[in-house]
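Read through the structure below, which is laid out as structure tokens, and then see the notes.
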Amino acid sequence: MDVKGKFLGGAGTVTGSRFLLEAGGFKVLVDCGLFQGLKDYRLRNWDSFPTDPAEVDMVLLTHAHIDHSGYLPKFVKEGFKGQIICTEPTLELVKILLLDAGKLQEEEAKFAAKKGYSKHTKPLPLFSQEDADKVFPLLQAISFEEEVKLNDYISLMAYNAGHILGASILKLKIKGEHQEKKLIFSGDLGRYRDPILNPPANIPFGDVVFVESTYGDRTNESENLDKELAKLIRTTYQNGGVSLIPSFAVGRTQMILFYLHRLQEKGLIPDIPIYVDSPMAIDVTGLYKNFPHYHHLGPSLEDQESNPFLHKNLHYYRDQEASMSLNHIRGDAIIISASGMATGGRILHHLYHRLPNENDSVIFVGYQPEGTRGRKILDGEKVCRIYGIDVPVKAGIHFIDGLSAHADQTELVRWCENFISKPKFTFLVHGEKQASEKLAGILKDKLGWNAICPHYLESFELFTGI
Ligand SMILES: [Zn+2]
């Protein structure tokens, strides 16, 4: 039996993760991500899929982030009928994220129609909420470290990746006529010292390894960031202002809630109300209680005082009216809202009201890519355009680095060092070219690995005649 692979995304970029594997006529797609960011990448979402979706037998998801799952509605619309296998928390997160992505796609199409900037007379969304709905019956949940047979000769095992709730490292075992081979997909790897999630599992053996390389070229210290956060909140409080934290709904919001609760318990920040103003963040936070085996918050979720997601200072605002009421608060509050990059969502009306006030603070807790509103604010632009209006930026603008959900260079190398024997091939995926190449260099020099940086649409013969 021959085993072949093809990179349909996530090669030379951090977006559009998709890898096609073919073994004995069985086609498996590992991750089915949407391309995001630069226009050249986004246009790939509109191309026809490089292989007929109806001919793919199965999709395996490492985790729920849109750059790993967001192409599923279009994939199903174009004829895919197989199972989509993922962990239980990933299954729940995928539902939340895909519906939200469908809504965004519909809104963008409507906006394009209104502004007339689309070359189509009636711009259509890439997929709708209805298309997202059609993905859900195909989702099939598995647990960590439980062997699942995909067919007579391929089996799957998922391990904790520590990146977001339910994120997994996938191991595929392919049994040929003469031998057995193991393929390891790291997915996105988390940190070794995360306050909520467990560290990535060690995988001792693999013949072919696909390693993410988002931070292949940088280290990311996370030692004192809670103290930094505390100082900013204290100063804002002393000035009589409100601290506004733009945050991603999945993972980051929960991490911020964990730190804020701990800082309040230790008396390092005042006992003021914390508002979570994002329906998606509220839905996602609710999942942690349902999946206690996927994180280490443990019994703290059972008790109101010690629960970082349910204590007396914490308020969840789901409806629009409640959200708007926060604009009248002048001080003594922390507001967390999405999106994390200030590209859309409720954070916009908060920024509209907070940016002109010099007593308030905006604290960014995630990387702000070029071209986003968040990046412009962080770069010190004095005016920010929101709802078509130029808003003066007078509030304190801050950035806390190190809260990433991705392993940094040191942690990626540490994960690779845990392999007992050298893999035959190692592919560096999910990284900008420079990050992947840097990590490949380290793996070659330090571990003597055969590390390869693949290109978009490149094919590989992984094994012949196994
Ligand atoms: Zn991810």
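Summary table below
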| item | result |
| --- | --- |
| Tensor-based shape of segment 254-311 (alpha-carbon gyration tensor, a/c under 1.5 rounded, otherwise prolate or oblate) | oblate |
| Pairwise centroid distance, computed over Cα atoms, of segment 162-181 with segment 74-89, Å | 18 |
| At 1.306 mPa s and 10 °C, Stokes D of segment 333-466 from Kirkwood alpha-carbon radius, µm² per second | 87 |
| Label-point separation, Ala322 to Ile420 (7 Å along Cα→Cβ), nm | 5.2 |
| Computed lengthening from Ala141 to Ile329, 0.36 nm per intervening residue step minus Cα-Cα distance | 63.4 nm |
| Cα-based shape type of segment 284-340, given that a ≥ b ≥ c are square roots of the gyration tensor eigenvalues and the cut on a/c is 1.5 | prolate |
| Helix 279-290 axis, angle to the chain major axis (alpha carbon atoms, nearest 10°) | 60 |
| Segment 218-286: C-alpha gyration tensor shape, a/c 1.5 cut-off, then a/b vs b/c | oblate |
| Computed [θ] at 222 nm, deg cm²/dmol, the chain (DSSP H ≥ 4; -39,500 (n - 2.57); rounded to nearest 500) | -8500 deg cm²/dmol |
| Acute angle (nearest 10 degrees) that the helix 88-115 long axis makes with the longest principal axis of the chain, alpha-carbon atoms | 70 |
| Protection proxy ranking, peptides 278-287, 417-426, average beta carbon neighbours within 10 Å, highest first | 278-287, 417-426 |
| Tail beyond 27 Å, pair distance distribution of segment 222-379 (Cα, percent) | 18 |
| Cα convex hull volume per residue for the chain (Å³) | 140 |
| Considering only the chain, percent of DSSP beta bridges that pair antiparallel, nearest 5 | 45 |
| Computed E for Lys81/Leu43 - FRET, C-beta separation, R0 35 angstrom, nearest 0.05 | 0.85 |
| Nearest 10 degrees, 0 to 90: helix 252-265 Cα axis against the chain principal axis | 50 |
| Linear extension gain, Ser459 paired with Arg218, 0.36 nm per residue minus alpha-carbon span | 83.9 nm |
| Surface/4 estimate of mean projected area, convex hull on alpha-carbon atoms of segment 415-454, nm² | 2.6 |
| Reciprocal of mean inverse Cα separation for segment 1-91 (Kirkwood radius, Å) | 13.2 |
| Modelled FRET efficiency - R0 45 Å, Asp379 with Arg262, Cβ distances, 0.05 increments | 0.90 |
| Protection proxy ranking, peptides 203-214, 223-234, 396-407, 353-364, average beta carbon neighbours within 10 Å, highest first | 203-214, 353-364, 396-407, 223-234 |
| Cα-derived Rg over Rh, computed across segment 149-225 with Rh taken as Kirkwood radius | 1.08 |
| Span from the segment 325-345 Cα centroid across to the segment 213-268 one, whole angstrom | 15 |
| Solvent exposure ordering (accessible area, 1.4 Å, most first) of Lys444, Lys171, Lys182, Lys110 | Lys110, Lys444, Lys182, Lys171 |
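The values are calculated or read from the model by the stated rules, or taken from the named source; none is laboratory data. All values reported here derive from a predicted model rather than from experimental measurement. Note that each Cβ is placed from the backbone with ideal geometry, even for glycine, and that neighbours are counted across all protein chains shown. Heavy atoms of the whole protein, side chains included, go into the accessibility calculation; ligands, DNA and RNA do not. Shrake-Rupley method; radii C 1.70, N 1.55, O 1.52, S 1.80 Å.
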